[in-house]
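Chemist: Take this structure, written in C-alpha cells, and hold onto it; I'll ask about it next.
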C-alpha cells in the first residue's frame, strides 16, 4: 500500500471517529432533535471507520497485501506471476479505468477467489 493510500485511509478513520464522538455528544444533549441527528452522525462515522478498515486496494489478493509484495500493473498480480493450478482463466476481461491496462480475471471455482493479471 502506498503512503498516499495509507494517509487517506488514516484521515477517513480519524474523520469517522470525530463523527462518532460528535454524534455521541449530540445524543446526550437534552432534546430529541439532537438525539436523532446524533444517532445518524454516529452511524455515518461508524460506516466510514468500518469501510476504511475493510476496504481492499484494487485487484490484489490478501496474501500479497499481507506480505507487502509490490503490486503488478494496475494493482493486479506482480509481473511474471504464475498462478496456482486451482485458478482457471475466465472470459471476464476489463480495462482498468486508472491505468488503461486490459485485465483478465482468473478464478478458483471451489472457493470463488479471484486473481487479476494484465493481458498483453
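The values are calculated or read from the model by the stated rules, or taken from the named source; none is laboratory data. This one's a predicted model, so the numbers in the text were calculated from it and none came from an experiment. When we count neighbours, we look across all protein chains shown, and the Cβ atoms used for this are built from the backbone with ideal geometry, even at glycine.
Chemist: Given (1) more than 15 Å from the chain's Cα centre (by Cα); (2) surrounded by 12 or more Cβ atoms within 10 Å (Cβ to Cβ); (3) at pLDDT below 90, where does residue 45 come up short, assuming only one miss?
Modeler: Going through (1) more than 15 Å from the chain's Cα centre (by Cα); (2) surrounded by 12 or more Cβ atoms within 10 Å (Cβ to Cβ); (3) at pLDDT below 90 one by one, residue 45 breaks only (3).
Chemist: Would you be able to tell me the number of residues in segment 77-104 that are within 11 Å of residue 119 (Cα to Cα) and modelled with pLDDT of 90 or more?
Modeler: Qualifying residue count for the region: 1.
Chemist: Scan segment 106-117 for residues that are without any contact (Cβ under 8 Å) to a residue 40 or more places away in the chain and buried (at least 18 other Cβ atoms within 10 Å of the Cβ) and jot them down.
Modeler: Answer for segment 106-117, where residues must be without any contact (Cβ under 8 Å) to a residue 40 or more places away in the chain and buried (at least 18 other Cβ atoms within 10 Å of the Cβ): just 106.
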